[in-house]
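What follows draws every value from the coordinates through simple rules; no lab data is involved. Keep in mind it's a predicted model, so treat the numbers as computed, not measured. Here the Cβ is made from the backbone with ideal geometry for all residues, glycine too, and neighbour counts use every protein chain on show.
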């Protein structure tokens, strides 16, 4: 389990280094997750890879970490409570952004779905 956690953090660190070096707008941990996904995908198709032995350990460790995912929302809740006065003064703007963002996402999703669905009907 310890080696799997080390690999996860090493890929996160490598992703952060890539993000800083190339000045990417994608967060480093996301780049690390993409690298982890690529490594797991490649080992699934290539049984000769040395990464295959760690694949099961990585999956098991990831499941254990995800079991405690809800604890990561505690700092967010504390941050909201700490800035409650700021949120109250900007409540109308925040609600407007949430409403517009939700509506535009729903419209975009419906358009993409109808476009994909119409392509399948034509095939």
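Classify the chain: rounded, prolate or oblate, from the alpha-carbon gyration tensor (a ≥ b ≥ c, eigenvalue square roots; a/c under 1.5 rounded; otherwise prolate if a/b is larger than b/c)?
Working: a/c = 2.23, a/b = 1.27, b/c = 1.75.
Taking the square roots of the gyration eigenvalues as a ≥ b ≥ c, the chain is oblate.
Restricting to Cα pairs below 8 Å that are 6+ residues apart, what does the relative contact order work out to for the chain? Please round to a whole percent. Before the final figure, lay out each step's value.
Numbers: 58 pairs, mean separation 20.6, N = 123.
Once normalised by length, the contact order is 17 percent.
Within segment 50-89, whose backbone N sits under 20 Å from a point 7 Å along Cα→Cβ of residue 14?
Residues passing the 20 Å test: 50-63.
Could you calculate the contour length gain from residue 1 to residue 38, that is, 0.36 nm times the residue separation minus the distance between their Cα atoms, to one decimal place in nm? Walk me through the intermediate numbers first.
Values: separation 37, 0.36 × 37 = 13.32 nm, distance 2.03 nm.
Gain on extension, residue 1 to residue 38, equals 11.3 nm.
Can you tell me which of 10-22, 92-104 comes out highest on packing, and rank the rest after it, using the mean Cβ neighbours within 10 Å? All intermediate terms of the calculation are to be shown ahead of the outcome.
Numbers: 10-22: 14.9, 92-104: 10.2.
Highest mean packing first, the order is 10-22, 92-104.
Say we join alpha carbon atoms closer than 10 Å with springs in a Gaussian network model of the chain; which of 107, 76, 65 then has the biggest fluctuation?
107
Under 1.5 on a/c is rounded, so check that first for segment 71-123, then, if it is not, pick prolate when a/b is larger than b/c and oblate when it is not; a ≥ b ≥ c are the square roots of the alpha carbon gyration tensor eigenvalues. Don't skip to the answer; put the middle values down first.
Numbers: a/c = 10.40, a/b = 2.42, b/c = 4.29.
Since a/c reaches 1.5 but b/c is at least a/b, the shape of segment 71-123 is classed as oblate.
Which value at 222 nm does the chain reach when only helices count, each DSSP H run of 4 or more adding -39,500 (n - 2.57), with the total divided by all residues and rounded to the nearest 500 deg cm²/dmol?
Working: 6 runs with 103 residues, N = 123.
Taking each H run of at least 4 residues, the total per residue is -28000 deg cm²/dmol.
What angle do you read, to the nearest 10 degrees and between 0 and 90, between the alpha-carbon axis of helix 2-22 and the longest principal axis of the chain?
60
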